[in-house]
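Below you'll find the structure, written out as structure tokens, and then a few comments.
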Amino acid sequence: QLLQANLYSHASRKQQLSLNRLAVSNQEGRQEITYFPGMPGNSTLSPERKMWEIDKNFGGYSLKDALRWDFWMFLGLVLVYPLRRPLIRFFGAKGFDGARRIFIRTTTLDQVFASKHLQEVDLLKIDVEGEEMKILEGLSDENLSKVRAMVLEVPLLDREKWPALAERLKKNGFRNII
């Protein structure tokens, strides 16, 4: 309900928007996810990847790593570095309390394109807690070519797949890949 209210309060062309309660993956069917009631946006098919990401983002970098970043990231890390683990325990740990495994129905992006009769998509944003590459497996090149712009969070764990992803995006008409 909050997402819907936010979406419609900022939309200029409401008639062209639709909000769908879907779980998208690389296959249709039932899949088991880890649900975090305190932080539902972090619920995931791969909780081990989520824990690795949290540790790497908040605890796994060294000051030597920070020297390779831009000034603001470096400054932020230097200020937070000594407190990183206590901050994670204080702010983050409670959000992961009460985690439980649940089954959900999933669909693919190809099925979404077919069911909605999509011929063109202005913006496709994918941020799904480490499963972005898996979701793209469920999107054919035919449908990918209908997407004008994409914002995609690509997990650090999948960095070996980045060149193939960049090549696939170029092949389907994307020019600015960052």
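Structure summary
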| item | result |
| --- | --- |
| Pairs with Cβ under 9 Å, 6+ apart, first in the range 107-118 and in contact (Cβ under 8 Å) with a residue 24 or more places away in the chain, second surrounded by fewer than 17 Cβ atoms within 10 Å (Cβ to Cβ) and of a type in the set (Asp, Glu) | Thr107/Glu28; Thr108/Glu28; Thr108/Glu137; Asp110/Glu142; Gln111/Glu28; Phe113/Glu142 |
| Selected residue (criterion: nearest to Ile126 (Cα to Cα)) from residues of the range 143-178 that are in a loop (DSSP other than H, G, I, E, B) and at pLDDT 85 or above | Ala149 |
| Near pairs, Cβ below 7 angstrom, 6+ apart or cross-chain, from the range 34-47 (more than 12 Å from Arg101 (Cα to Cα)) to any residue that is modelled with pLDDT of 80 or more | Gly38/Gly98; Asn42/Phe36 |
| Residue in the range 114-130 that is within 25 Å of Arg49 (Cβ to Cβ), outside any strand (DSSP E or B) and modelled with pLDDT of 90 or more present | no |
| The range 122-164, subset open to solvent by less than 20 Å² (accessible area, probe 1.4 Å) and of a type in the set (A, V, I, L, M), residue nearest to Gly41 (Cα to Cα) | Ile126 |
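Residue by residue, here is whether (1) basic (Lys, Arg); (2) closer than 20 Å to Pro155 by Cβ; (3) modelled with pLDDT under 80; (4) surrounded by 15 or more Cβ atoms within 10 Å (Cβ to Cβ) holds:
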{"residue": "Tyr8", "(1), (2), (3), (4)": "no, no, yes, no"}
{"residue": "Ser12", "(1), (2), (3), (4)": "no, no, yes, no"}
{"residue": "Gln16", "(1), (2), (3), (4)": "no, no, yes, no"}
{"residue": "Glu28", "(1), (2), (3), (4)": "no, no, no, no"}
{"residue": "Gly38", "(1), (2), (3), (4)": "no, no, no, no"}
{"residue": "Trp52", "(1), (2), (3), (4)": "no, yes, yes, yes"}
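The values are calculated or read from the model by the stated rules, or taken from the named source; none is laboratory data. Owing to the predicted nature of the structure, the values given are computational and were not obtained by experimental measurement. Cβ coordinates were reconstructed from backbone atoms using ideal geometry, including for glycine residues, and neighbour counts include every protein chain displayed. Keep in mind that these areas ignore ligands, DNA and RNA; they rest on the heavy atoms of the full protein, side chains included. Shrake-Rupley method; radii C 1.70, N 1.55, O 1.52, S 1.80 Å.
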